[in-house]
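Notes follow the structure.
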Amino acid sequence: MAQITLDKLAHSYFPNPQGEADFALKEIDYVWEDGGAYALLGPSGCGKTTLLNIISGLLVPSRGRILFGEEDVTQYAPEQRNIAQVFQFPVIYDTMTVAQNLAFPLVNRKVPRDEIDKRVADMIKVLDLGDKANRKAQGLTADEKQKISLGRGLVRYDVNAILFDEPLTVIDPHLKWQLRTKLKELHHEFGHTMIYVTHDQTEALTFADKVVVMYEGEVVQIGTPEELFDEPAHTFVGYFIGSPGMNVVPCSVAGDRLQLGGQEIALPRRYAPLEGQVEMGVRPEFVKLSANGEGIPVSISTVEDIGRFKIVRALLEGRSFNAVLPEGAEIPAEASAVIDPTRIGIYHDSHLVRGEA
Amino acid sequence: MNKVQNNKAWFMVLPVLVIVALNAVVPLMTVVNYSVQDTFGNNVFFFEGTRWFSEVLASERFHGALGRQFSLTATILAIEIPLGVAIALAMPRSGFWASVCLVLMALPLLIPWNVVGAMWNIYALPDIGLLGYGLNWLGISYDYTQQPLAAWFTVILMDVWHWTSLVVLLAYAGLQSIDENYYRAAQIDGASRWAVFRYIQLPKMKHVLTIAILLRFMDSFMIYTEPFVLTGGGPGNSTTVLSIDLVKAALGEFNLGIASAMSIIYFLMTLLVCWLFYTITMQGEKS
């Protein structure tokens, strides 16, 4: 086990990348702590699988270095890096039994036979596959197969990290949380560094201690689930995390005054003058609707009753603007939005700007 | 809902039944007919029961042809299947060269069988053929028209040249269906090249290889045109395999009874081997 350092890492699939746009993964500098549970979150094609393949060694980055502990492993092949990887589709060796599948990585590494037997028996117990240990792996259900894929990584006690590439995609919804709980358990039990790639925010937020959000090849924010919710560093993080996502509308800011929809809102911080595109972002959870004309006028288009709360979808100056109201709240006919000023984020060219207190 | 039973639909199958009857069942029945009768001409037939069958089964000539047939087929399978798999493994998995390889591989399959026989007949001639002349020039005494071993070698080489491609194409198709992640996972599991072949590639190729073995078995078991054009079954009887012997009996000697009995035995053997092979492979699948 080791801490993993990404040192000015970048990757392009072109042999001679010209500009920023040619990079599938833009420069990233980060240290994954030993024993941490990380999620790489982002939409398809954002570069998260590229990053994962660089860590596992299936891909050599165009630039930068990757270190396991103090050791530079940039040029190492996957088998030299001592990592495990679980793929989107379960990979099992059809002709082997469940136990043989689990023993395979150990047999390949010439671990003594009695040690293999002991570890495989332990792993079968941990994965609850006891009754299936001696049957052919072919014909098992997708979640059982995925457990085997995972188990093949875990039997190697000394792996530096376990990487997951959207491992629950093919699993039935009701089994997804079971497997995810199992993963958390195993993380606590074995303390491996785990890096989990997904485009599903629920998976990422429930699995990880820290979530790395990627967008168009760039890491836009790394933080705990709370940080991502409370203070998105990029408008994309705001949209992508939370349901519905953050409201982002163009506005103008002068000092500690925000101009929006013909109204002025006093902000708790002061901002230096901003050139270019300025937007304000606020989570729908921090928007209230008022009937007495206080706040900014909005026109309500639909109301979705989710049970414990209501999602009000509205338009503010022609742009979508949502509010989440508690169960039983009145929806005024002539509504205006009251925004909690302490929860407003100011975004300059999509990036969060922190004002002065 | 009531399912409507309409037996008139069976009439739709009638044309096919008629065609199959005319081109397969009726000729087969004539053979069955000849195999239990004898004739001295003038369309007069005498019932002979199982006489021809006992004669064929007891004849040394048939044993010889059968023995040669089995050794030819076994040799061909033993060479073509591993060689075909090896070539498929060595071929590039994608890109320009993959297409070039596929076209080159398909070429021998497009040549008519008698042309293949004629090509090799000339190619292997010791005085003017490139192969025959070349071998003799190297100091190896080679003349397929005189030496049984040379004839045998040429027949096998010709078949390997002609048909290994089929195994290659089938195995290649099997390999192409393997997801990239299997190789990645195996790499991460530290699997050796051999382990990748044994536990990933071979199991995934199992079905296409079953088909390849069946096709190559049937084709080589019924081989006629190429050895007939190349050696005509000679020198002596050394390359007279079942089909060549059968044609000699039926059309050369006009022994209709013997030839018919041979045909039926021959047919049943092919059927039996295919059935056994198929059943055994499919059984392995279930357990």
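The values are calculated or read from the model by the stated rules, or taken from the named source; none is laboratory data. This structure is a prediction, so every number in the text was calculated from the model and none was measured. Note that we place each Cβ from the backbone using ideal geometry, even for glycine, and neighbour counts take in every protein chain shown. Surface areas here come from the heavy atoms of the whole protein model, side chains and all, with no ligands, DNA or RNA. Shrake-Rupley method; radii C 1.70, N 1.55, O 1.52, S 1.80 Å.
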Response to the item:
For segment B:170-192, pairs from a residue that is more than 9 Å from chain A (Cβ to nearest Cβ) to a residue that is surrounded by fewer than 16 Cβ atoms within 10 Å (Cβ to Cβ) and not in a helix (DSSP H, G or I), with Cβ under 8 Å and 6 or more apart or across chains, are B:Leu175/B:Arg93; B:Gln176/B:Arg93
Worksheet item: Going by the structure shown, is B:Asp159 more than 14 Å from every other protein chain (Cβ to nearest Cβ), touching a residue at least 40 places away in the same chain (Cβ under 8 Å), within 25 Å of B:Phe228 (Cβ to Cβ) and among the charged types (D, E, K, R)?
Response: yes
Discussion item. Suppose the filter is within 14 Å of chain B (Cβ to nearest Cβ), open to solvent by 10 Å² or more (accessible area, probe 1.4 Å), more than 21 Å from the chain's Cα centre (by Cα) and of a type in the set (Ser, Thr, Tyr); does A:Tyr93 pass it?
Written reply: no
Discussion item. Name the single residue that is farthest from B:Arg184 (Cα to Cα) among those in segment A:131-164 being within 12 Å of chain B (Cβ to nearest Cβ) and of a type in the set (Gly, Ala, Ser).
Written reply: A:Gly139
Worksheet item: Just checking, how many residues over segment B:232-287 are without any contact (Cβ under 8 Å) to a residue 40 or more places away in the chain, over 20 Å from the mean Cα position of the chain (by Cα) and open to solvent by less than 50 Å² (accessible area, probe 1.4 Å)?
Response: 3
Practice prompt. Kindly establish whether B:Ala185 is over 23 Å from B:Pro112 (Cβ atoms), small (Gly, Ala, Ser) and in contact with a Gly (Cβ under 7 Å, 6 or more places away or on another chain).
Written response: no
Practice prompt. Output the residues belonging to segment A:51-67 that are more than 9 Å from every other protein chain (Cβ to nearest Cβ) and open to solvent by 10 Å² or more (accessible area, probe 1.4 Å).
Written response: A:Leu59, A:Val60, A:Pro61, A:Ser62, A:Arg63, A:Gly64, A:Arg65, A:Leu67
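Table: residues versus (1) assigned by TED's automatic domain parsing to the domain that holds A:Ser252; (2) open to solvent by 20 Å² or more (accessible area, probe 1.4 Å); (3) out of contact with any helix residue (DSSP H, G or I) (no Cβ under 6 Å at 6 or more places or on another chain).
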site: A:Ala272; (1), (2), (3): yes, yes, yes
site: A:Gln277; (1), (2), (3): yes, yes, yes
site: A:Met280; (1), (2), (3): yes, no, yes
site: A:Pro284; (1), (2), (3): yes, no, yes
site: A:Asp305; (1), (2), (3): yes, yes, yes
site: A:Arg313; (1), (2), (3): yes, yes, yes
site: A:Asn322; (1), (2), (3): yes, no, no
site: A:Glu330; (1), (2), (3): yes, yes, yes
site: A:Pro341; (1), (2), (3): yes, yes, yes
Worksheet item: Could you say which residue among A:Glu185, A:Glu203, A:Glu189, A:Glu218 is out of contact with any helix residue (DSSP H, G or I) (no Cβ under 6 Å at 6 or more places or on another chain), more than 11 Å from A:Leu41 (Cβ to Cβ), of a type in the set (Asp, Glu) and surrounded by 15 or more Cβ atoms within 10 Å (Cβ to Cβ)?
Response: A:Glu218
Discussion item. Can you report the number of residues in segment A:51-78 which are closer than 18 Å to A:Phe23 by Cβ, free of Cβ contacts under 8 Å to residues at least 40 places away in the same chain and out of contact with any helix residue (DSSP H, G or I) (no Cβ under 8 Å at 6 or more places or on another chain)?
Written reply: 2
Worksheet, complete the sentence: Of the candidates B:Thr154, B:Thr145, the one satisfying the condition of being open to solvent by 50 Å² or more (accessible area, probe 1.4 Å), away from chain A (no Cβ under 14 Å) and touching a residue at least 40 places away in the same chain (Cβ under 8 Å) is B:Thr145
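Quick one: which helices (runs of 4 or more DSSP H) sit completely within segment B:161-224 and have at least 3 residues that are buried (at least 17 other Cβ atoms within 10 Å of the Cβ)?
Fully inside segment B:161-224 and qualifying: B:180-188, B:202-221.
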Item to complete: Mind telling me which of the residues A:Asp128, A:Asp72, A:Asp114 ends up being over 21 Å from A:Asp165 (Cα atoms), more than 14 Å from chain B (Cβ to nearest Cβ), under 30 Å from the mean Cα position of the chain (by Cα) and open to solvent by 70 Å² or more (accessible area, probe 1.4 Å)?
Response: A:Asp128
Worksheet item: Tally time: how many residues in segment B:202-223 are under 17 Å from B:Ala171 (Cβ atoms) and more than 11 Å from chain A (Cβ to nearest Cβ)?
Response: 13
Worksheet item: Among the strands (runs of 3 or more DSSP E) confined wholly to segment A:119-234, which include 1 or more residues that are basic (Lys, Arg)?
Response: A:210-215
